[in-house]
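Coordinate-derived values only; no laboratory data. Just so it is clear, the structure is predicted and the values come from calculations on it, not from any experiment. Cβ placement follows ideal geometry from the backbone for every residue including glycine, while neighbour counts extend to all protein chains displayed.
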Amino acid sequence: MHIYQRQKIHWFYELLSLAFIVLIISWLYFNWKINALGYQVSNTWTFLSSSANFFISDHWLPFSPKDPTWYAILIASVNTFILGMSVMMSATVFGFLFGILSAYPKYKLQWFASSYVDVFRNTPLVGQLFFWYFGVFYLMPQTEHIYYDGFVKVSIQSLSIYTGNLFFILSFFYLIVGIYFLFLKRAFGMSLSFLLMSFIYFNFSHSHYFTMSVEWLALYTTLTFYTASYIAEIVKASLLSVPNAIDDAAIALGLNDKDKFKLVIYPIALKSMRPMLINQYITIMKNTSIGMLIGYPELMNVLTGTIINSTGQTLICVSLMMCIYLSVCLFCQFLFMRKHEPI
Amino acid sequence: MSQYKLNSTFIIKVVVAVTVLFIIAPDFEVLRRFVFGFGQFITPSIFVLFFAILQYTLLKNNKFMALLVWVLIFAFILLNIKDGWPTGLMVNVVLTLMCLPMTFILALLFAVLRFQSTLLVLKIFATVIIESVRGVPLIGLMIFILSVGADMVPAYWMMPKIITLWMIYSLFAGVYLAEVFRGGFQSIPKAYFDGAYALGMSPLKTYVYVLVPKVVIDTIPAAFNVYIGLFKETSLVLLFGYFDLMNIALNYLDFPEHYDESIKIYMMVLILFWIVATIMHEYGHYLFKTFSKYEAKKT
Amino acid sequence: MKPLLTIDQLSLSLSGKEILKDVSCQFQTGSCSVLIGPSGSGKSSLLKTLNLLNEYDAGLVCFNGKDIKKISKIELRKKIGMVFQQYNLFDHLSVLDNCALALKRVLNLKKRDAYEIAQAYLTKVKMNDFVNAFPRQLSGGQQQRVAIARAMCLQPEVLLLDEPTAALDPEMSFEVLETIKSLAEEGVTMIYVTHEINLARHLADQVIFIEEGRVVAQGDVKEVLDTTKNNRIKKFIEQIEHRLYGSE
């Protein structure tokens, strides 16, 4: 009898293990109760609706310190979300580029692509972040000699680009597309994201400059290069895992190199790389939390740094943080992972 | 016996990296401080010696000796913590090496409990732990342990910091390794169960003597990816105020006269991490080649 | 003489599907019984049931006069060895370790004794030159002989053989059959599932024909294979011989 197929329930062992787990958890709980008595503040959720009283330096939506704390958490979540999304897009582009380059020896740049992957995969993310933030972006001009030529403004705090009315036009365009999708069937999520983007772009259109803080730039660069190396490895492995016989069959059909890649090899490789890519995307969302180390106001920093410091509600904030990250991860898994998909 | 051949590109890579390291280092003293911290040469040397003995016992397949050496290593670490050792790169290396066996045990436990167990309660428990650790970034887990988890053990235990870190990292890497082992267990054909049961082995014996050895050997490359990830994540111990390589570099750059060296210093840090990670990678390759002899030829 | 194994009105169903219905037969000590029948008829399931790898629903299986459900599984399996169609060797262990594993872990012998016994049985199946090889490095026939040695190491009272030559080409199956014949001459009790009619004629003391989970005929070789009046068996034998000797 195979062990997976055994259906019998062993009540005694079930209850025994349940009792064991309950014992451990209650032991931890009572320890916590005793230890936390000394400095416990009463745990209340009311602080979420009272005003935040702190400032968030980077925000895509309008924010002032008088706004409630839950709104500050929302702002931080939007920061995390937009950072993650931008990294996803650029890392995918870079990753596919380097992956394809490093998969085939016929490309002259193979050595470069593979050493790129080697270097960025084998060094810690935190080290790379500090390298970019304290090393490279530290070379940007100090406050007294800001570079400004009417179109770009570069200083040690931020990078501004003149955009004119571009964001107003984009916002208007996205609004129309969003409303159009609203009337289509099964496109509600799509329409919602277009409307959100429209709203965010509308906020940019107050100023004629698009400003990115140096923290954002450093995080964006770090995460892009770091994740791209992982994606490149995935792409390379999937491309190489396509059997040679399929390659031969495509040549026998008379396809040229470009068509062979586009029509035969790439679709097969894409299927096997999909779950791993989604795992990487989830990892990006989790990795944005290192923004805490350089003071970028993303979710982890605001929720477990600033808010705990100002209110002292440690338990609630920490559990809220864990719940948010957990639900995002589980939601992504639920959304993208199709089980038993044949490859 | 072993089919492993030392890779020439590996040697060239490491030699080039070390050369670059010596070129960009401001002076030898800085480099020494980055690697060994504020401690002496002698302690890490004894530590490395222990691991050489461990490697020898593993190759001779002497499990009792290997266990004894692990116990000695732990005793050695516990005795030496109070002297402010380890610091520098040794923190990352020592922490990783400490975590290896615990990660391994936890991962096996979680993998078996979650994916092979017939006890529903344990299955749910393992699933909850695995999913909640996987779903939260390591920084979040650390903040949880620092702020809430630290109160969950009796106050008189006075746990040394490195033991707390050891537990966090073992749990974190163990959960990821469990997923790797899950794949290994799933790829085992049903024939293994039949074959073992027909010889009169109980399910427990089948797991201990047949399935686990096979899964462990099969998943060496994937497991070493997890171990390298663990090594890289140890750079986050600076949240605990521990003087690891990264924190020593930050400390060094605090002085105004070193401000303009920042790119160099961070490159040094990255190269040091890179060298150790590459050596780990090659070691995993070596282990796989040595222990998976049976994969050599297919009929 | 008292039979070694008795099956009485056995029925078995796996995942809701009825596989064996009212099977009754007996196996004598030192005899060689051959189970034949079309594929999917439940021969292998019957064999696995004797070993309790399948748990049966109704009926009675007695080993040495005792109900096998009342003997502990491990004790039972020590006394009933089994050889599988796909060898079921452990790929990560060498040939010697494969054989010594059960001796070390099930019989709790000392390492040296276990290896001695394993070596002896490997010599018996003429695999003593390959003790340090790994199963993947061997040919199919060699692997099957190792599997037989592994089963014989525990000195079982009965050896169950589940189509040991079905996955092998004729040349390889020859060497396995030689091994099996030599075991039969030594007087090992065997229950053998096969399509090889010629081997059945040569070896069998008893032939049992199974179809769709029922015993259609049982008796000695002549009774079942040559002088049978059952049309279904005649057709089956004809087909097999046709396949073996082509259109001559």
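What the table below lists for this structure:
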read-out: Assigned charges on the beta-carbon of Lys, Arg, Asp, Glu; chain A dipole about Cα centre (debye); value: 920 debye
read-out: Of A:PHE181, A:TYR147, A:PRO275, farthest towards positive along the dipole that unit charges on Lys, Arg, Asp, Glu beta carbons give chain A; value: A:PRO275
read-out: Cβ-based exposure ranking for B:VAL276, B:VAL71, in which fewest neighbours within 10 Å come first; value: B:VAL71, B:VAL276
read-out: Whole-angstrom gap from the stretch C:160-199 to the stretch C:84-158, using each part's C-alpha centre; value: 17 Å
read-out: The protein assembly as shown - share of DSSP beta bridges that are antiparallel (%, nearest 5); value: 60 percent
read-out: Rounded to 5, percent antiparallel among DSSP beta bridges of chain C; value: 55 percent
read-out: Cβ charges +1 (Lys, Arg) and -1 (Asp, Glu), total dipole of the protein assembly as shown, debye; value: 1280 debye
read-out: Likely footprinting exposure, A:CYS323, B:CYS99, A:CYS329, C:CYS99, fewest C-beta neighbours within 10 Å first; value: A:CYS323, A:CYS329, B:CYS99, C:CYS99
read-out: Cleavage-rule hits (chymotrypsin sites (Phe, Trp or Tyr not before Pro)) in the stretch A:174-216: DSSP loop, at most 11 neighbouring Cβ within 10 angstrom; value: A:PHE183
read-out: About the Cα centre, charge dipole magnitude for chain B (Lys/Arg +1, Asp/Glu -1 at Cβ), debye; value: 1360 debye
read-out: Dipole of the protein assembly as shown [Lys/Arg +1, Asp/Glu -1 at C-beta], most positive-end residue of B:PHE104, A:PHE167, C:ASN64; value: C:ASN64
read-out: GNM top mover of A:ASP259, A:ASP118, A:ASP58 - chain A, alpha-carbon springs below 10 Å; value: A:ASP259
read-out: Quarter of the Cα convex hull surface for chain C, i.e. its orientation-mean projected area (nm²); value: 14.3 nm²
read-out: Which of A:LEU240, B:LEU100 has the fewest Cβ neighbours within 10 Å, and the rest in rising order; value: A:LEU240, B:LEU100
read-out: Volume in Å³ per residue [convex hull over Cα atoms, computed for chain B]; value: 172 Å³
read-out: Radius ratio Rg over Rh of the stretch A:245-318, counting only Cα atoms, Kirkwood formula for Rh; value: 1.45
read-out: Using θ = phi - 60° and Karplus 6.51 cos²θ - 1.76 cosθ + 1.60, couplings along the stretch C:36-50 (whole Hz; Gly, Pro as x); value: 10, x, x, 5, x, 8, x, 5, 5, 5, 4, 4, 5, 5, 4
read-out: For the stretch A:210-217, Karplus couplings with θ = phi - 60° (6.51, -1.76, 1.60), whole Hz, Gly/Pro x; value: 9, 10, 10, 6, 5, 5, 4, 4
read-out: Leading residue at positive end of dipole, the protein assembly as shown (Cβ point charges), from C:LEU168, A:SER327, B:ILE124; value: C:LEU168
read-out: Rg in Å to one decimal, and Dmax rounded to a whole Å, for chain A via C-alpha atoms; value: 25.1, 78
read-out: Gaussian network model of chain A, springs between alpha carbon atoms under 10 Å - residue of A:ILE25, A:ILE156, A:ILE231 with greatest fluctuation; value: A:ILE25
